[in-house]
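Participant: Got a structure for you, written out below as C-alpha cells; questions coming shortly.
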Amino acid sequence: MARLAFLLLILAWSGFAGARALQLDLGRLTHPVFVIDGLRVRLGDEGEAAELAIERFAIGKRDWQNVTIRCPAFRFERAVVRCRRGMLTVPGLFERATIDLHFDTRNKSGELNLRMPGREAINIVMRPDGRIVASLAGFAVARLGELLDLASWNAAGRLVGRIEYSPTRDGARIRVSGKLEGGGFTQADGLRAAEGLGLDIDLGARRGPTGWDWQGRVAWNAGEAYLHPLYLVAGPAVEAAGRLEAEVLTVARARLELEGVRTIAANAEIGLQPLVVRSLAFSVADADLAVVGPRYLAPAFAPAVTDQLRFSGHVSAAATLEEGVPTAVDLAFDEAGFSLSNKELSFGPLTGVMPWRAKARTEARLAVGGGRWQKLALGAFELVARLDGQGVDVDHVAIPVLDGALVLERLALARDAAGWHGSGAAVVEPISMALLAEAVGLPAMSGVLTASLPGLRVAPGEVSLDGALVISVFDGYLQATRLQLFEPFGVASHLYADVQARHLDLAQLTEAFSFGSVSGFVDADVLGLELARWRPVRFDARVISSPGNYPRRISQRAVQNISALGGPGAVAALQRGLLGLFETFGYREIGISCVLRDGVCRMDGLDDRIAPGDGYYIVRGGGIPALNVIGYNRRVDWNELIDRLQRVIASNAPLVIQ
Amino acid sequence: MNAMTNAMTNAMTNAMTKFRGWIAVLLLGFAGLVLAQGNIEIDTPAIAALKQSMQQRHAKLAPLYASGAVGLAADGNVALRDASGVPLAQRGQANALVAAENADRAALYREIARANGHPEWEADVRATFARRWIDRAQPGWWIQRDGNWVRK
C-alpha cells in the first residue's frame, strides 16, 4: 500500500503539472476484490484527454490482459479521478464499452457506469466503507462464459439484477439477486442445451477465513432444456446451501421442487477445476410414476420402448454416486405398475423394497399384486431376489397362472454390455386346459398343462428351455420339447419347439372344434415348429391314426369338412354319391402331412399308396360303408388353409352333397 | 410431438422417394454376399419382421441422417452425434429412434447368425453390416471412420 500511495502521489503531481503528453507507469493497485498490474496513464497535450492502460486486471484467479480506458474528458482534481464518455476495452469481455467513472483515491469510493450496445449496462458503486454494489441491466450472459471458463457451453441470455459485496470483520459477504431472461446454452453435440430460459436467482455467500459459505434459491420459470437423454421444461426450483473452498463446491443440502415428486433432496461435492461431480447423494420421496415414468425413467432406462411403456403408482428412491459411478441405490415401490406394449406384458400393483450396493449383496422383497402376459392374467406373488453388483439371483418364485403356476427356481441372471445372461429351472404347476382354453379363446377342452423345464438358459435376445411342456388333453397328451424363445420383446419375437402328440381322442377333438364327428385316435408330430408372434411360419407336421384296435367312424360332415380343407376334388368323384346316403362311414386309417415353408403348405397323406389321379389318401375307407378321402392339392397357401379351417369351424350351414 | 411428426412426414414426402430406394437396395443388396461360411442374405420371418420394422423407422431416421444429427457408427449401430439441429423438444424422440433402431439392429445381427446355425457369428455379421451400412450411406451422411465422424 505504501507503494500505491507513492504512485498516486506521482499521479497527483503530474495532474497538477499539466505537462504535455505525459506518461506515467503506476505499477500495481490492489483491492480485496481485484488486482491491477502494469497500470499506465498517458495524459494528452492539455491534460483533458487520457488513456489508462492496464497490463493485467485480475478478479480471483481470472485475469484479463491489455485493458484500456480512453477518456476524452479526464480530470484528476483533489485526489478524485474523473473520466467522462470514455471507452473501455477488455479483450474477450468488453469491446468498446462506454465508460463514465469517478474515483476518490482518498477513501477509495466512486462510481463506474458501463454501457454497451443493446441497452446492456453495468453500474458499480464503491462506498468508503468498502461495500460495492453492482447493478446489471441486460447483461449478456455470454460474457460469463469468459468469466467462468464456460465458453464451450455457448451461454446466452440477459441478466438483470444486483450484486452486493460487503466487507466484514473476518471476510466478506456477497448477495446476488436477479433474473435471467431469454437464457440458453448449447454444447457442440447438442446433447446439453437449453432455450428461452427464465430464472429467478437469489444467492447469498459469506467469506470466512477458509472459504465461502453460501445458500440460495433458483427457480426455473420459463424455457426448455435437453440434458441427454431427458427433455425438461420450466417448473423446477432448487434451494441449496453449502461451501466453496479451494476449488471445491460442496452442496451440503439441496432441495429440488419437481412436478410429480413430493421432495427431492441432495448433497454433492463438485470439483470446479476441472468441473466434475466427485460425489452425489440424492433421495426422491413419493414420485408419481405416471408423471416421472414417461418423462425421466423411460428415456433414461428404456429409450427404445419409451412410447410403449406405461407407469402407475409411486416410488421413492435414494442413490449415491462416487466419481459418477453409482455405489448404492434404494428403491421403495408403493402400488407401482408397469406395462409394455399396450398391456402385452404388465406387472402391478407392486409394493416392496429393492436395495442395491455396488460392492455388497442385498435382498429385494417385492409383493406383486398380479400381472398380465398376452391374454393370460397372472396372480399375486412374492418375489425375493438377491442382488449382487450386476447379478440377480432368485431361489424360488411362483407366479400364479389361472389355477396353476409358473415356478422359476435357482434363477441366476447377470447383466453385461450385451444384455442379460443366466440360467435356472422352470416348472409349470398344473393349469387346467378348460380355463386356459377359455382365457386364450380356444374351444372348450378338458385336460391339464404342466411343464418341467430343468434347463432354462437366458442369453441376450434368447430364452431356451430344456425339458418338456406337457398338455394332457383329449385323453392323450401333447408334449413340446426343445423350446426356444427368441427376441421375446421385439417385433421379431418367435418361438421354436418340437411337438409330439400321442393318442388324441378324435371324438373329443372334433367335437371341441365343431368339425363333425370322427371316432378313433391320432398321433401327431410337429417338428421344427416356429411361431412368429404366435402364428406358425414353419414346421414339418404329420398326423396319423394311432396304432391299436378301436372303433373308427367318420361322419358325413367331417368328410365334407376335410374335403373343404383340401379344396375342390378332395373326395373321389365316384364316391360323392355315396356320401349323401350315410351319416357315418368306417375308415381304416387317417393320415395327413404338411411341410410349411414360406407361407405354403406342401401336403401329403397316407404315404404308402398313390391315389388315382396323382392324389393322396387322407382317409382310407374300411368296413361298411367305407369311403376314401383323397387330396389332390399338394401345395396349399397356409393363410388360405387357415381361413378355410375357420370357415369350416364357424359354419353351421347344412351340408350340400353333390 | 405432432409438429415433429408433421415436419418429418413432410420432409419424408420428398426424402422417402430418395431413401426408400436406398433402404431397399441396402437390405436386399446383400443377396449373394456370404460370410466366411454362411449366408448373410438369409431370410426368415423374424428377419423379415425386423427389416420391415427398420424400413418403417427409416422414414423418420432419414432426415436425421441427412441433417447429420444421426450418423452411422463403426460398430453397426446408429448414433446421435450432433443433436444441435434438432428442436429441443424432439431430441428425446430422436434418441428414442436411435435406441429402437439399435435394438432392431442387434436383433437382426443375432437373428442372421442364428439362421445360419451359428449364433457365435453375431460379431462377424455385425462387422459386415457395419461396413456395408457405411459403404452404402448417401453422400452427405455422417459416418464413423477410425473413431472420428466424417461426412461422406
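Participant: Going by Cα centres, the stretch A:413-430 and the stretch A:91-132 are how many Å apart?
Facilitator: Each part reduced to its Cα centre gives a spacing of 69 Å.
Participant: Could you pull out the longest piece of chain A with no exposed loop trypsin sites (Lys or Arg not before Pro) in it, calling a site exposed if DSSP puts it outside H, G, I, E, B and it has at most 15 other Cβ atoms within 10 Å?
Facilitator: My reading of the result: A:170-342 is the longest stretch.
Participant: Explain nothing, just the number: dipole magnitude of the protein assembly as shown about its Cα centre with +1 on each Lys and Arg Cβ and -1 on each Asp and Glu Cβ, in debye rounded to the nearest 20.
Facilitator: About 2400 debye.
Participant: With the crude spin-label approximation of a point 7 Å out along Cα→Cβ, what separation in nm comes out for residue A:459 versus residue A:527?
Facilitator: The two pseudo-label positions are separated by 2.3 nm.
Participant: Next question. Within 10 Å, Cβ to Cβ, of residue A:386, how many net charges do the neighbouring residues add up to if Lys/Arg are +1 and Asp/Glu are -1?
Facilitator: Spelling it out: positives minus negatives among the neighbours equals -3.
Participant: Separate question: In whole Å, what three semi-axes, largest first, describe the equivalent ellipsoid of the stretch A:52-198 built from its Cα gyration tensor (square root of 5 times each eigenvalue)?
Facilitator: 29, 19, 15
Participant: What number, rounded to the nearest 500 deg cm²/dmol, is the helix-based mean residue ellipticity at 222 nm of the protein assembly as shown, given -39500 (n - 2.57) per DSSP H run of at least four residues and division by all its residues?
Facilitator: About -6500 deg cm²/dmol.
Participant: Separate question: Shape call for the stretch B:59-105 from the C-alpha gyration tensor, a ≥ b ≥ c root eigenvalues: rounded (a/c under 1.5), prolate (a/b greater than b/c) or oblate?
Facilitator: prolate
Participant: Right, something else. When the scattering of the stretch B:73-152 is computed by the Debye formula from its Cα atoms alone, each counted once and equally, what is log10 I(q)/I(0) at q = 0.14, 0.20 Å⁻¹?
Facilitator: The Debye formula, applied to the Cα set alone, gives -0.53, -0.94.
Participant: Moving on. State the Cα centre-to-centre distance between the stretch A:208-265 and the stretch A:289-318 in whole Å.
Facilitator: 23 Å
Participant: Relative contact order of chain A: what whole-number percent is it, with Cα pairs under 8 angstrom and at least 6 residues apart?
Facilitator: Over chain A, the number comes to 3 percent.
Participant: How tilted is helix A:638-650 with respect to the longest principal axis of chain A? Cα atoms for both, answer in degrees (0 to 90, nearest 10).
Facilitator: Helix A:638-650 sits at roughly 60 degrees to that axis.
Participant: FRET efficiency for residue B:39 and residue A:409, Cβ-Cβ distance as r, R0 = 51 Å, nearest 0.05?
Facilitator: Plugging the Cβ-Cβ distance into 1/(1 + (r/R0)^6) gives 0.85.
Participant: Here's another thing I want to ask about it. Scan chain A and hand back the longest stretch that contains none of the GluC sites (Glu not before Pro) lying in DSSP loops with at most 16 other Cβ atoms within 10 Å.
Facilitator: Answer from the scan: A:345-582.
Participant: Working only with C-alpha atoms, what are the Rg and Dmax values of the stretch A:488-650, expressed in angstrom?
Facilitator: Expressed in Å, the Cα Rg and Dmax of the stretch A:488-650 come to 16.1, 55.
Participant: Is the shape of the stretch A:272-373 rounded, prolate or oblate, going by the alpha carbon gyration tensor and its root eigenvalues a ≥ b ≥ c, with a/c under 1.5 for rounded and a/b larger than b/c for prolate?
Facilitator: prolate
Participant: Just to confirm my numbers, what's the Cα centroid distance between the stretch A:337-412 and the stretch A:459-493 in Å?
Facilitator: 20 Å
Participant: Still on this structure, please answer the following. Counting pairs of alpha carbon atoms under 8 Å apart in space and at least six apart in sequence, what relative contact order in percent does the stretch A:488-650 give?
Facilitator: RCO, the stretch A:488-650: 20 percent.
Participant: Sticking with this structure for a sec: Kirkwood-based Rg over Rh for the stretch A:332-384 (C-alpha set), two decimals?
Facilitator: 1.07
Participant: Also, I was wondering about something else. Could you give log10 I(q)/I(0) at q = 0.04, 0.07, 0.10 Å⁻¹ for the protein assembly as shown, computed by the Debye formula over C-alpha point scatterers of equal weight, without solvent?
Facilitator: Reported log10 I(q)/I(0), two decimals: -0.32, -0.75, -1.17.
Participant: Taking each residue of A:185-194 in turn, how many C-beta atoms of other protein chains fall within 10 Å of its C-beta, and what is the average?
Facilitator: Mean shielding by partner chains, rounded to a whole number: 4.
Participant: For the Cα atoms of chain A, what angle does the longest principal axis make with the long axis of helix A:2-17, in degrees from 0 to 90, nearest 10?
Facilitator: 60 degrees
Values in this text are rule-based calculations from the coordinates and carry no lab data. It should be emphasised that the depicted structure is a prediction, and the values quoted were computed from it without experimental measurement. With ideal geometry, Cβ positions are generated from the backbone for all residues, glycine too; neighbour counts draw on all protein chains shown.
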